[in-house]
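Below: the structure, in structure tokens.
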Ligand SMILES: [Zn+2]
């Protein structure tokens, strides 16, 4: 998680994998319960030895998840896998990301 300077929270952790739509709505002050959100697990696997190198979680609304016909888990082994992933998620993830504190503020508990 990188650092950003949030106008509300100051220097804080940045969540890069929040969809553009979701982060925009959250920054406008809309709140979401976790049942409205979908999570996509993206696992980067070493092509050579099959070891998991990194796991990321993409967050978006359930509407978005169903609209783009996403699966809940992707394994990325090759460049083609990565291209495929980008072609599915770039349109909704690009330009997204939000301050971690703002994100927490927008989740209805
Ligand atoms: Zn913030």
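The values are calculated or read from the model by the stated rules, or taken from the named source; none is laboratory data. Quick caveat, the model's predicted, so the values are computed rather than measured. Virtual Cβ from ideal backbone geometry, glycine too; neighbours counted across all protein chains shown.
Annotations for the structure displayed:
- Scanning the range 34-48 for residues that are at pLDDT below 95 and either assigned to a loop (DSSP other than H, G, I, E, B) or within 14 Å of the ligand (Cβ to nearest atom) (or both) turns up 47, 48.
- For residue 92, the conditions (1) under 10 Å from the mean Cα position of the chain (by Cα); (2) under 13 Å from residue 40 (Cα atoms); (3) not in a helix (DSSP H, G or I) are fulfilled apart from (3).
- Residue within the range 36-53 that is under 15 Å from the mean Cα position of the chain (by Cα) and free of Cβ contacts under 8 Å to residues at least 12 places away in the same chain present: no
- Unmet requirement for residue 43, which otherwise passes all of (1) more than 15 Å from residue 99 (Cβ to Cβ); (2) out of contact with any strand residue (DSSP E or B) (no Cβ under 6 Å at 6 or more places or on another chain): (2)
- Among the residues here, residue 11 qualifies as assigned to a strand (DSSP E or B), within 16 Å of the ligand (Cβ to nearest atom), surrounded by fewer than 17 Cβ atoms within 10 Å (Cβ to Cβ) and modelled with pLDDT of 95 or more.
- Picking from residues in the range 19-33 that are more than 13 Å from residue 107 (Cα to Cα) and either modelled with pLDDT under 95 or surrounded by 10 or more Cβ atoms within 10 Å (Cβ to Cβ) (or both), the one that is nearest to the chain's Cα centre (by Cα) is 19.
- When residues of the range 89-99 are limited to those that are farther than 12 Å from residue 27 by Cβ and crowded, with 18+ Cβ neighbours inside 10 Å, the one farthest from the ligand (Cβ to nearest atom): 89
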